[in-house]
1. Answer with a single label: of [x] 60, 41, 30; [y] 62, 34, 26; [z] 59, 37, 29, which was calculated as Cα extents along the principal axes in Å from the structure in view?
2. What are the residues whose amide H is under 5 Å from the amide H of VAL147, where those residues sit 5 or more places off or on another chain and H is modelled from the backbone?
3. Which ³J(HN,Hα) values in Hz, rounded to whole numbers, follow from the phi angles of the range 202-213 under the Karplus curve 6.51 cos²θ - 1.76 cosθ + 1.60, where θ = phi - 60° and Gly and Pro get x?
4. Once you list every other residue whose beta carbon is under 12 Å from the beta carbon of GLY119, what net charge do they have if Lys and Arg are +1 and Asp and Glu are -1?
5. What distance in nm separates the simple spin-label points at LYS203 and GLU31, each placed 7 Å from Cα in the Cβ direction?
6. In debye, nearest 20: dipole of the range 14-139 around its Cα centre with unit charges on the Cβ of K, R (+) and D, E (-)?
7. Where does helix 185-198 land angle-wise versus the long Cα axis of the chain, in degrees 0 to 90, nearest 10?
8. Along the charge dipole of the range 2-224, pointing to its positive end and built from +1/-1 on Cβ of Lys, Arg, Asp and Glu, which listed residue (SER143, CYS178, TYR59) has its Cα farthest out?
Amino acid sequence: MQTLDMADIALREMNATLHAQAETTNQTAWEIVNPKGAHAIACGLDAPIEVTVKGSTGYYCAGMNKQATINIKGSAGPGVAENMMSGTVVIDGDASQYAGATGHGGLLVIKGNASSRCGISMKGIDIVVHGNIGHMSAFMAQSGNLVVCGDAGDALGDSLYEARLFVRGSVKSLGADCIEKEMRPEHLAILANLLEQAGADAKPEEFKRYGSARELYTFKIDNAY
C-alpha cells in the first residue's frame, strides 16, 4: 500500500499522484493519512484503485469519482461523492449536506447519518444510509435508488422524477408530488441487493417505497394563476 501523508504533501500534489494512476497500474491500494478536514480529497479519480482516507474530510471528497473505491474512516463534509459516475464510496461516520448530489452512477454508503439534501438531483447513483437523513433529501431526484435504514426528515422527494426511495423508519413529511408506492417483488430484489452491497443488516420487507405521483409532469392551466 502506498501512503500519502498530508502533513508532508500538498493537496494538489496528492490528488495529482492519484490521478496519475493508469488503468494498468499495479499500485492499486493507497492510504491518505492526516487529512485534517481538507477539501476536495481524492476528487476526479478515474482508475480502478482503492483509496483509504484515515480521518474526516472537508467539502467534496470523492467528487466526480469514476471506477475507484474510496473509504473514508471518519465523517465527510458537504458534497461528498458529488457528481459521482461509478465506483464505490464508503463513509464510516456521518455525511454533511447534499451527499451524492447529482450522482450519475456508482454506490455511496454512509454508515452514520446524512444531513439535509442527501441525493439532491441524483441521476442514477445508488445511496444507502445506515442511519437517518435530513430535510429535502432526493429533491428533484431523477433516477437511481436512495435507501434509508433510519428516519427521513421533512419534504422527502420534493419534485422528484423517477428515482426510487426506500425508507425503513418514519418520514417527517413528503415533498410535492412524492407519494408512498406499492413495494413489488422487483423492488424487494433491488433493495435486497443494495442492502447486501452496503453491509446493512436490515430486511427489505421492513421498508416502504416512495416515488413520484407524476402530477408535475404535465402543465396545468390552473397552476398559471
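Laboratory data are not the source of any read-out in this text; all were calculated from the coordinates shown. Quick caveat: nothing in here was measured; it's all calculated off a predicted structure. Please note: Cβ atoms are built from the backbone with ideal geometry, for glycine as well, and neighbour counts cover all protein chains shown.
1. Given [x] 60, 41, 30; [y] 62, 34, 26; [z] 59, 37, 29, the calculated one carries the label [x].
2. When sequence neighbours closer than 5 places are left aside, the close amide H contacts are ILE127, VAL128, VAL129, PHE166.
3. Listing the rounded values in order: 6, 9, x, 5, 7, 9, 10, 9, 10, x, 7, 7 Hz.
4. On the way: positive: ARG117, LYS123, ARG164; negative: GLU82, ASP126, ASP158.
Net local charge, GLY119 excluded: 0.
5. For the pair LYS203/GLU31, the computed spacing is 4.0 nm.
6. Details: 7 positive and 8 negative charges, 47 e Å.
About 220 debye.
7. 20
8. After comparing all options, I get CYS178.
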